[in-house]
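Asks: After the structure tokens below, expect a handful of questions from me.
Every number in this text was worked out from the coordinates using simple rules, so none of it is lab data. In this text the structure is predicted, and so the values were computed from the model without any measurement. All Cβ positions, glycine included, derive from the backbone under ideal geometry; neighbour counts span all protein chains shown.
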Amino acid sequence: MPEPAVPRPQNDPLLRARALAAIRGERLVFHDVSFSLPPGGALLLVGPNGAGKSSLLRLLAGLTPPIAGELLWKGENALDDPPLHATRVCFVGHQDAIKPGLTVTDNLYLTGRWTNAEVLAALVSVNLEPFAALPARLLSSGQRRRLALARLALSAAPLWLLDEPTTGLDAASVRRLEARCAAYRAEGGMIVAATHLPLDLPAAQYLRLGGTNTQ
Amino acid sequence: MKIFIGLIRRELVLALRHAGDSVAALMFFVIAASLFPFALGPSAQALTRIAPGVVWVVALLAALLPLNRLFGADYEDGSLDLLMLSGIPASAVAFAKIIGHWLTTGVPLLIAAGPVAIMLRLNGDAVPQLLATLLPGTLLFSLVGGMSGAITLGARGGTILLPLIALPLMIPAVIFGAAGAVSSHPVSEFSMLFALLAVFFPLAPTAAGAALRAALA
């Protein structure tokens with residue numbers, strides 16, 4: 001009797017980092033950072049200011065090359081082809097990348113050819129639809145953050161890289177973001193987030209940067 | 001390719017909404033060129049002789065004006081990170097922005113160059129030849145200027161550094177462009193202009209892409 005094909009184990013790591021190290025300026029910000037993320041996994045980066053959380057996120061996005069170590073995607077070196085790797089990530093950096101002269105909706109249209117429904121859904125996901133026609137320069141800092149986070153809804157990338165996503169957000173917005181993260185992970189999405197503020201990602205791994213392992 | 005065209009569209013939308021940069025370059029072009037008759041006197045003979053050269057030099061300086069914002073604005077607000085992650089190579093991002101600069105600065109300069117040349121007493125029948133040299137000329141301004149803008153991105157004093165890098169590289173273009181505008185048989189001058197284009201067309205986006213990656217690292 002033929003055995004049924006063995007299904008791929010669900011917890012196979014999709015993203016694996018091996019002994020990554022990065023320098024900023026002349027300083028080694030972190031070294032020997034290793035982790036692996038299965039589909040649906042989440043990794044929270046914690047550590048004091050300047051410990052290299054943002055540097056690690058930029059490295060994972062392919063914006064900065066590591067000086068040592070390797071980043072593997074399905075077992076292959078992810079950073080060999082930066083444009084291809086870029087399609088796998090949705091990066092929300094600590095800057096909001098918002099053009100103040102454009103309306104809230106036009107800021108989202110700037111990043112691609114979305115349909116009206118897609119943009120509306122993205123605005124609803126961060127509860128910004130009442131401000132859709134407002135120039136972005138009139139938004140408060142928390143609303144700007146939410147507009148930056150609205151880009152997550154427009155991305156089909158399997159990995160979210162979030163740099164202090166909750167800065168300036170009110171409690172309701174943080175809960176909404178947590179719910180979106182949970183839904184995303186349930187569909188197999190992976191999240192790497194750097195945060196000082198509590199962000200409830202169930203069963204997330206923690207990676208502590210800085211402190212004792214800097215030189 | 002779709003992403004690339006999307007980026008050019010993005011540049012046009014932004015230029016339209018933040019029209020100040022392009023309009024400022026155009027106004028600078030017209031005002032700076034109109035200073036020459038004031039300084040040299042309204043003698044038609046003198047003006048006619050210098051008109052093509054003045055138009056060329058002033059157009060070059062005007063094209064440099066918006067360059068430090070070309071990458072600088074996106075660099076400061078974090079948009080450049082997202083552009084680099086849009087799924088096309090860094091050199092393609094740079095090339096899209098260079099094309100954006102040409103469409104929003106080079107083309108308006110080309111349109112204004114005719115009236116400005118006539119204001120400087122250039123004969124009407126000499127204007128088409130001047131514009132023919134400025135067409136590859138403005139493309140060179142955007143290519144070399146975009147490359148210089150990317151190289152000086154994030155550097156302290158980049159605003160000063162940018163023209164210091166771009167202007168010397170433009171000297172050949174100015175020599176052959178201004179000469180081609182007045183020559184009665186300008187084949188060699190046009191050949192040189194297109195030779196310069198053939199050099200900078202591949203070189204400038206590649207160098208600019210590498211510079212952008214370095215600036216964000």
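Asks: Share of antiparallel DSSP beta bridges in the protein assembly as shown, in percent to the nearest 5?
Replies: Counting DSSP beta bridges with both partners in the protein assembly as shown, the antiparallel share is about 45 percent.
Asks: What dipole magnitude, in Debye to the nearest 20, does region A:15-208 give about its Cα centre under +1 on Lys/Arg Cβ and -1 on Asp/Glu Cβ?
Replies: 200
Asks: Within straight cross-link reach of A:Lys99, meaning Cα distance under 16 Å, which aspartates and glutamates are found once same-chain residues fewer than 8 apart are removed?
Replies: The reachable aspartates and glutamates, counting only those whose Cα sits under 16 Å from A:Lys99, are B:Glu11, B:Asp21, B:Asp74, B:Glu76, B:Asp77, B:Asp81.
Asks: Enter the Cα centre distance for the pair region A:69-132 and region B:107-169, rounded to the nearest angstrom.
Replies: Answer, in whole Å: 34.
Asks: What's the magnitude of the charge dipole for the protein assembly as shown around its Cα centre, counting Lys and Arg as +1 and Asp and Glu as -1 at the beta-carbon? Answer in Debye, nearest 20.
Replies: Approximately 360 debye in magnitude.
Asks: From the backbone phi of region A:42-54, what are the Karplus-calculated ³J(HN,Hα) couplings (6.51 cos²θ - 1.76 cosθ + 1.60, θ = phi - 60°) in whole Hz, Gly and Pro given as x?
Replies: 9, 10, 9, 8, 10, x, x, 4, x, 7, x, 5, 5
Asks: Here is a follow-up. Among bridges DSSP assigns within chain A, what percent are antiparallel (round to 5)?
Replies: Among the beta bridges of chain A, antiparallel pairing accounts for roughly 45 percent.
Asks: Give me the Kirkwood hydrodynamic radius of region B:123-203 in Å, from all C-alpha pairs, to one decimal place?
Replies: 13.4
Asks: Something else: When Cβ neighbours within 10 Å are restricted to other protein chains, what is their mean count per residue of peptide B:71-81?
Replies: Partner Cβ neighbours, averaged per residue: 4.
Asks: For region B:1-98, what is one quarter of the convex hull surface built on the Cα atoms, given in nm²? Each step should come with its number before you reach the end.
Replies: Details: hull surface 30.5 nm².
Mean shadow area of the hull around the Cα atoms is 7.6 nm².
Asks: Nearest 10 degrees is fine. How inclined is helix A:141-154 to the longest principal axis of chain A, computing both from alpha carbons?
Replies: 60
Asks: In addition: Count, for each residue of A:55-66, the Cβ atoms from other chains sitting within 10 Å of its Cβ, then give me the mean as a whole number.
Replies: Per residue, the number of nearby Cβ atoms from other chains is 2 on average.
Asks: Over all alpha-carbon pairs of chain A, lay out the pair-distance distribution in 10 Å bins, whole %, shortest bin first.
Replies: Using 10 Å bins, I get a P(r) of 8, 32, 33, 20, 5, 1, 0 for chain A.
Asks: What's the ranking of A:183-192, B:77-86 by average number of surrounding C-beta atoms within 10 Å, highest first?
Replies: Result, highest mean first: B:77-86, A:183-192.
Asks: Return the FRET efficiency for the residue pair A:Ala171, B:Glu76: r is the Cβ-Cβ distance, R0 is 25 Å, and the value is rounded to the nearest 0.05.
Replies: The pair A:Ala171/B:Glu76 has a calculated efficiency of 0.25.
Asks: Relative to the longest principal Cα axis of chain B, at what angle does helix B:158-182 sit, 0 to 90 degrees, rounded to 10?
Replies: Around 40 degrees separate the two axes.
Asks: Same structure again: Send over the per residue convex hull volume for the protein assembly as shown, Cα only, as a whole number of Å³. Spell out each step's value before the answer.
Replies: On the way: hull volume 79.0 nm³, N = 432.
Spread over its residues, the Cα hull of the protein assembly as shown gives 183 Å³ apiece.
Asks: Another one. For A:Met190, enumerate residues with amide H under 5 Å from its amide H, sequence gap 5+ or separate chain, H modeled in the peptide plane.
Replies: A:Gly40, A:Leu159, A:Trp160
Asks: Which of the listed residues, A:Gly47, B:Ser188, B:Leu82, is farthest toward the dipole's positive end in the protein assembly as shown, when Lys, Arg count +1 and Asp, Glu count -1 at the beta-carbon?
Replies: It is A:Gly47, whose Cα lies furthest towards the positive end.
Asks: Computed over the Cα atoms, what is the radius of gyration of region B:100-159 divided by 2.2 N^0.38 Å, N being its residue count?
Replies: Computed over Cα atoms of region B:100-159, the ratio equals 1.40.
Asks: In whole Hz, what ³J(HN,Hα) sequence does region B:61-76 give by Karplus (6.51, -1.76, 1.60; θ = phi - 60°), x for Gly and Pro?
Replies: Working through the residues one at a time gives 5, 5, 5, 6, 3, x, 5, 6, 8, 4, 9, x, 4, 6, 5, 6 Hz.
Asks: Report, as an integer, the average count of C-beta atoms from other chains found within 10 Å of each Cβ along A:24-34.
Replies: Mean partner-chain Cβ count within 10 Å for A:24-34: 0.
Asks: As a test of the definition: which semi-axes, in Å, follow for region B:2-53 when you take the square root of five times each eigenvalue of its alpha carbon gyration tensor? Largest first, please.
Replies: With the √(5λ) rule applied to region B:2-53, the semi-axes are 38, 13, 5 Å.
Asks: Rounding to the nearest 20 debye, state how big the charge dipole of region B:2-216 is about its Cα centre with +1 on each Lys and Arg Cβ and -1 on each Asp and Glu Cβ. Let's see the in-between values first.
Replies: Values: 10 positive and 8 negative charges, 15 e Å.
My answer is approximately 80 debye.
Asks: From the phi of every residue in region B:133-148, what ³J(HN,Hα) in whole Hz does the Karplus formula 6.51 cos²θ - 1.76 cosθ + 1.60 yield, where θ is phi - 60° and glycine or proline is x?
Replies: With the stated coefficients, region B:133-148 comes to 6, 6, 5, x, x, 5, 4, 5, 4, 5, 5, 5, x, x, 4, 5 Hz.
Asks: Now for a different question. Whole-Å semi-axes of chain B's equivalent ellipsoid, largest first, each the root of 5 times a Cα gyration tensor eigenvalue?
Replies: Equivalent-ellipsoid dimensions as semi-axes: 32, 18, 15 Å.
Asks: Report, ordered by chain and residue number, the lysines lying within cross-link reach of A:Lys74, taken as a straight Cα distance under 25 Å and ignoring same-chain residues fewer than 8 apart.
Replies: The reachable lysines, counting only those whose Cα sits under 25 Å from A:Lys74, are A:Lys53.
Asks: For region A:138-215 and region B:7-27, what is the separation of their Cα centres, given in Å?
Replies: When both Cα centres are located, 33 Å separates them.
Asks: Next question. Where does chain B land at 222 nm, in deg cm²/dmol rounded to the nearest 500, when only DSSP H runs of n ≥ 4 count, each adding -39500 (n - 2.57), divided by all residues?
Replies: -27500 deg cm²/dmol
Asks: Pull out a ≥ b ≥ c, the square roots of the eigenvalues of the alpha-carbon gyration tensor of region A:157-215, then state rounded if a/c is under 1.5, prolate if not and a/b is larger than b/c, and oblate in the remaining case.
Replies: Oblate shape, in that a/c is at least 1.5 and b/c is the bigger or equal ratio.
Asks: Taking only Cα atoms, what is the 0 to 90° angle, nearest 10, from helix A:116-125's long axis to the longest principal axis of chain A?
Replies: 80
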